[in-house]
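Colleague: Below you will find the structure I want to go over with you.
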Amino acid sequence: MERAVALYASDMPTRYRLQGPSDMAVIGWMAQGVALLGRDEVRRRASFLLGHRLLWLRDLTTPEIDRRHKQRFPSPRRLSVAESMASTSLFWVSVAPAARELPAVIDGPCPKCDGAGKLWGNWVIDDASGWFEEGYAPCWVCPDGGPA
């Protein structure tokens with residue numbers, strides 16, 4: 001996600017196509033994007049992008065989350081190209097250990113628990129006897145089970 005954010009911010013042409021098995025121009029644009037935004041901003045935007053993608057996969061995005069995502073990335077086509085180039089670049093340049101630990105961040109309240117960090121639920125302990133327990137459990141959508 002960090003690579004995609006850096007490419008999105010760079011001068012990479014929106015309709016760019018790869019120029020061979022290892023395209024050094026893409027690597028240069030990634031470096032340019034990081035230089036323009038700064039490492040901390042690239043990581044912040046990448047965390048929001050990852051959070052949006054995970055919510056989108058579960059059909060949990062809200063209009064507010066989608067609006068903020070569109071403010072950050074107004075061109076869906078450019079973002080798609082940037083994500084494609086970023087994923088292809090994994091074949092040429094290895095992933096830094098810090099990038100593997102990128103947290104997914106939801107921009108706004110969690111759409112599942114509304115920011116409470118917990119969900120009420122019923123859990124079947126023994127189906128045959130009808131034994132169940134109910135109560136709060138950590139929200140499975142919120143990062144680390146806490147408020148978004």
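Colleague: Label points 7 Å out from Cα along the Cβ direction at Arg53 and Ala31: separation in nm?
Modeller: Going from the Arg53 label point to the Ala31 one covers 2.4 nm.
Colleague: Now for a separate question. Springs between alpha-carbon pairs under 10 angstrom, Gaussian network model over the chain: which of Ala82, Ala35, Ala104 fluctuates most?
Modeller: Result: Ala35 has the largest fluctuation of those listed.
Colleague: For Rg/Rh (Cα atoms, Kirkwood Rh), the listed values are (i) 1.01; (ii) 1.12; (iii) 1.16; which was obtained by calculation from the structure presented?
Modeller: Of the listed options (i) 1.01; (ii) 1.12; (iii) 1.16, (ii) comes from this structure.
Colleague: Also, I was wondering about something else. At 1.4 Å probe radius, can you tell me the per residue accessible area of the chain in Å²? It would help to have the intermediate numbers written out before the result.
Modeller: Values: 9030 Å² over 148 residues.
Value for the chain: 61 Å² per residue.
Colleague: Taking the Cβ-Cβ separation of Ser84 and Ala116 as r and a Förster radius of 30 Å, what is the calculated FRET efficiency to the nearest 0.05? Please list the in-between numbers first.
Modeller: Numbers: r = 37 Å, r/R0 = 1.22.
So, using R0 = 30 Å, E works out to roughly 0.25.
Colleague: Mind checking which of Arg78, Arg17, Arg68 has the largest fluctuation in a GNM of the chain, springs on alpha carbons under 10 Å?
Modeller: Arg17
Colleague: Follow-up. Please build a GNM for the chain, connecting alpha carbons under 10 Å apart, and tell me which residue among Ser75, Ser87, Ser129 fluctuates the most.
Modeller: Most flexible of the set in this elastic network: Ser129.
Colleague: Using 7 Å Cα-to-Cβ label points, what is the Phe91/Glu64 separation (nm, one decimal)?
Modeller: That separation, rounded to one decimal, is 4.2 nm.
Colleague: Evaluate the distance, in nm, between pseudo-label points positioned 7 Å from the Cα of Arg72 and of Glu134 along their respective Cα→Cβ axes.
Modeller: Label at Arg72, label at Glu134, 3.7 nm between them.
Colleague: Heavy atoms only, probe 1.4 Å: what % of the accessible area of the stretch 38-134 goes to carbon and sulfur, would you let me know?
Modeller: Values: 3370 of 6200 Å².
Carbon plus sulfur share of accessible area: 54 percent.
The values are calculated or read from the model by the stated rules, or taken from the named source; none is laboratory data. Because the structure is predicted, anything quoted here is derived from the model rather than measured. Positions of Cβ are backbone-derived with ideal geometry, glycine not excepted, and every protein chain shown enters the neighbour counts. SASA here: full protein model, heavy atoms, side chains in, ligands and nucleic acids out. Shrake-Rupley method; radii C 1.70, N 1.55, O 1.52, S 1.80 Å.
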